[in-house]
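Undergrad: This is the structure, below, for whatever I ask next.
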Amino acid sequence: MEPDLHELLRSLRVWDPAVTDLRPFDPERAPAEPLPLFARWLADAAAAGQPEPHTMSLATADADGLPDVRIVMLHGADERGWSFATHAHSRKGGHLAARPYAALAFYWPVLGRQVRVRGPVTAAPPEEARTDLHARSTGALAAALTGRQSAVLASPGELTRASEAAWEKARRSPTTPAPSWTLYHLAPVETEFFQGDADRRHVRLRYRREGEGWVRELLWP
Ligand SMILES: Cc1cc2nc3c(=O)[nH]c(=O)nc-3n(C[C@H](O)[C@H](O)[C@H](O)COP(=O)(O)O)c2cc1C
């Protein structure tokens, strides 16, 4: 028998003290820019045992403004912005070509923390994407070489054949180019840090780009 969905939902908890360490967060002591705080929170999440803290939701919108979201990996965060890589011809790649804006969300339940980032997205020069890809695993290259991401798959066998050929190529020639594989940089105009609180007085600190600097403001939870 199928489990009762509503009963299951009522039985599940957020921030079970056995799992989650809700730490105090003093926004007064936060740095003037979001990047160092993000780097610290990512390191905190990894050190606290958060599985896959470098994965994030990436939201885009199509040409009509309809939203979509999926998980991707964070490839870096520096003065160019928050970086991720994907196929230019995938659904998200099409969205970014039509509307070069996106939002990211990280959730680290072991610390009750969330980070949101939004802003314009630019594609990095192809050689940057190549260097990034070739520094990663054989599996990452094989996946990039498999291609046709987001196209309709006629049969699982077709994928197996394409993937086997891609793995073979990736093993034989680790510098094979994957032409549509693109590295994107999201330059934040807003970055929000959310620290959960047991009494629901969650701290929300938003950094808003203004000219060359950042305005820091608190938000009601
Ligand atoms: C943990 C995890 C990490 C992923 N990382 C990536 C990634 O870095 N790049 C990517 O193109 N897809 C990644 N995917 C697959 C995407 O979620 C998605 O299925 C794919 O990119 C197609 O999305 P689209 O049809 O919206 O373009 C990942 C999925 C998971 C679950």
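Values in this text are rule-based calculations from the coordinates and carry no lab data. Since this is a predicted model, take the numbers as computed values, not measurements. Note that each Cβ is placed from the backbone with ideal geometry, even for glycine, and that neighbours are counted across all protein chains shown.
Undergrad: What translational D, rounded to a whole number of µm²/s, comes out for segment 111-221 from Stokes-Einstein when the hydrodynamic radius is the Kirkwood one over Cα pairs, at 4 °C and 1.567 mPa s?
TA: D, rounded to a whole number, is 74 µm²/s.
Undergrad: Dipole of the chain, Cα-centred, from +1 at each Lys and Arg C-beta and -1 at each Asp and Glu C-beta, to the nearest 20 debye? Let's see the in-between values first.
TA: Values: 27 positive and 28 negative charges, 65 e Å.
With only Lys, Arg, Asp and Glu charged at Cβ, the dipole is about 320 debye.
Undergrad: Can you sort Tyr184, Tyr107 from fewest to most other Cβ atoms within 10 Å of each residue's own Cβ? Intermediate results must be reported in sequence, preceding the final value.
TA: Details: Tyr184 24, Tyr107 17.
Lowest count first: Tyr107, Tyr184.
Undergrad: Next up: Largest first and in whole Å, give the semi-axes of segment 177-221's equivalent ellipsoid, each being the square root of 5 times a Cα gyration tensor eigenvalue.
TA: For segment 177-221, the semi-axes come out at 32, 17, 5 Å.
Undergrad: How large is the Rg to Rh ratio of the chain when both quantities use alpha carbon positions and Rh follows Kirkwood? Kindly include the intermediate steps, with their values, before the conclusion.
TA: Values: Rg = 19.9 Å, Rh = 19.6 Å.
Rg/Rh for the chain comes to 1.02.
Undergrad: Also: Place +1 on the Cβ of every Lys and Arg and -1 on the Cβ of every Asp and Glu in the chain, take the dipole about the Cα centre, and give the residue among Phe38, Val152, Pro67 whose Cα lies farthest towards its positive end.
TA: Val152
Undergrad: Using unit Cβ charges (K, R positive; D, E negative) and no other charged atoms, how large, in debye to the nearest 20, is the dipole of segment 150-221 about its Cα centre? The partial results should precede the final answer.
TA: On the way: 11 positive and 10 negative charges, 27 e Å.
Here segment 150-221 has a charge dipole of around 120 debye.
Undergrad: Let me have the 222 nm mean residue ellipticity of the chain computed from DSSP H runs of 4+ only, each contributing -39500 (n - 2.57), with the sum over all residues rounded to the nearest 500.
TA: Working: 6 runs with 64 residues, N = 221.
Helices in the chain give a 222 nm mean residue ellipticity of -8500 deg cm²/dmol.
Undergrad: So, one more: If every alpha-carbon in segment 46-142 counts as one equal scatterer, what log10 I(q)/I(0) does Debye give at q = 0.18, 0.24 1/Å?
TA: One equal scatterer on each Cα of segment 46-142 leads to -0.94, -1.38.
Undergrad: With springs only between Cα atoms under 10 Å, which of Ser173, Ser83, Ser57 fluctuates most in a Gaussian network model of the chain?
TA: Ser173
Undergrad: Report, as a whole number in µm² per second, the diffusion coefficient that Stokes-Einstein gives for segment 25-94 at 20 °C and 1.002 mPa s using the Kirkwood radius over alpha carbon pairs. Before the final figure, lay out each step's value.
TA: On the way: Rh = 14.3 Å.
Taking Rh from Cα pairs, D becomes 150 µm²/s.
Undergrad: Further question on the same structure: For segment 100-179 and segment 1-63, compute the distance between their C-alpha centroids and round to whole Å.
TA: 23
Undergrad: Debye calculation, C-alpha points only, no solvent: report log10 I(q)/I(0) for segment 92-134 at q = 0.29 Å⁻¹, in the same order as the q values.
TA: Values, matching the q order: -0.94.
Undergrad: Return the Rg/Rh value of segment 70-112, two decimal places, where both radii are evaluated on C-alpha atoms and Rh is the Kirkwood radius.
TA: 1.02
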